[in-house]
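Undergrad: Encoded as structure tokens, here's the structure I'll be asking about.
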Amino acid sequence: MTQANNTASYNYKGATILITGGSNGIGFATASAFADSGASVIITGTKDNASDYENDLSRFQYHQLLVQDREAIYQLAEKIPQLDILMNNAGTIMPGGKDEYDPIVFEEAVRINLFSAYHCSKAFQEQLAASELSGGASIMSTASLTSILAVPMVPGYSAAKAALVQMSKTLATAWADQGIRVNSIIAGMIDTRMTEFMKDIPDINDPIMTRTPLKRWGTPEDIANGALFLASQQASFITGQTLVVDGGYSIVG
């Protein structure tokens, strides 16, 4: 019996996408997936040059950007005259390793994980509204299980990620008449450099595997595949939604 081939492919030739935090992990996987599909990919990172990263970023256009710097975001928008897809992916927990219960650190976490996504969306609104991408222009934001589940360790990050989902719904409604679709992707337990230490600690890893129906960690490519779909013509009637990519973790009580 011949095994069915259910692999999807996408054609983004002629489209331009900007992915913040595209140098590693989910951002890099998503940038690679869109580049493989023919898109012109722009990424941002915190280091001076693309060559400063371990990953090969040579096929992407690279811009240094600290997303907590509002003015830098709007300056970047002036350098990119055309954009069809924006992925607000940059984020971090416990900025500088500091305690998010410190009011100053809490505000910093919200600025990095929420305010930056709004400012990027607003800064590129005009370019996105002018897009002729089939299915409409797209804004996608990388959310988190902390958007829907309480994680006491990171109150600022959690608050920001929860608000990110609601912001996506609001912008989806406000900008629909401009042809801009806005969605978010909740990333579950994804195997990245930020989480790799957790897999080596049985007291952390075992409960995660017990709760996850699919019994594996997610990969950055799992999130990238969701992004490829949400930005595509096949998702042209989807806006204001949150795609949960977590192997079922969030549905278990």
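The values are calculated or read from the model by the stated rules, or taken from the named source; none is laboratory data. Please read these numbers as outputs of a predicted model, since none were measured by experiment. Cβ coordinates were reconstructed from backbone atoms using ideal geometry, including for glycine residues, and neighbour counts include every protein chain displayed. In case anyone asks, the SASA skips ligands and DNA or RNA and just uses the protein heavy atoms, side chains included. Shrake-Rupley method; radii C 1.70, N 1.55, O 1.52, S 1.80 Å.
Undergrad: Accessible surface of E100 in the full protein assembly, 1.4 angstrom probe, to the nearest 10 Å²?
TA: 0
Undergrad: Kindly provide the helix-only [θ] at 222 nm of the chain, computed as the sum of -39,500 (n - 2.57) over DSSP H runs of four or more divided by all residues, to the nearest 500 deg cm²/dmol? Mind dumping the intermediate values first?
TA: Working: 9 runs with 88 residues, N = 253.
It lands at -10000 deg cm²/dmol.
Undergrad: Determine the alpha carbon to alpha carbon distance for each of K169/K199; K98/K161; K98/K199; K47/K169; K13/K161; K98/K215 and list only those over 25 Å. It would help to have the intermediate numbers written out before the result.
TA: Details: K169/K199 33 Å; K98/K161 18 Å; K98/K199 23 Å; K47/K169 32 Å; K13/K161 31 Å; K98/K215 32 Å.
Beyond 25 Å between Cα atoms: K169/K199; K47/K169; K13/K161; K98/K215.
Undergrad: Per residue, how large is the accessible surface of the stretch 164-231? Use a 1.4 angstrom probe and give square angstrom.
TA: Details: 3310 Å² over 68 residues.
That works out to 49 Å² per residue.
Undergrad: Specify whether the C-alpha gyration tensor of the chain places it in the rounded, prolate or oblate class, a ≥ b ≥ c being the square roots of the eigenvalues: rounded for a/c under 1.5, otherwise prolate if a/b is larger than b/c and oblate if not.
TA: Note, shape of the chain comes out rounded.
Undergrad: Separate question: Sorting check: for 27-35, 7-15, 82-90, which peptide has the highest mean count of neighbouring beta carbons within 10 Å, and how do the rest follow?
TA: Details: 27-35: 23.8, 7-15: 13.3, 82-90: 25.3.
Taking the mean over residues of other Cβ atoms within 10 Å, the ranking is 82-90, 27-35, 7-15.
Undergrad: Report in % the part of the accessible area of the stretch 48-106 that belongs to carbon and sulfur, leaving out ligands and nucleic acids; probe 1.4 Å.
TA: Values: 1640 of 3550 Å².
C and S atoms contribute 46 percent here.
Undergrad: Quick one: plug the Kirkwood hydrodynamic radius of the stretch 95-170 (C-alpha pairs) into Stokes-Einstein at 37 °C, 0.692 mPa s, and report D in µm²/s. Could you put the intermediate results ahead of the total?
TA: Numbers: Rh = 13.5 Å.
Diffusion coefficient, whole number: 243 µm²/s.
Undergrad: Still on this structure: Counting heavy atoms of the protein chains only and a 1.4 Å probe, report the per residue accessible area for the stretch 13-126 as a whole number of Å². Working shown, then result.
TA: Details: 5330 Å² over 114 residues.
Solvent-accessible surface per residue comes out at 47 Å².
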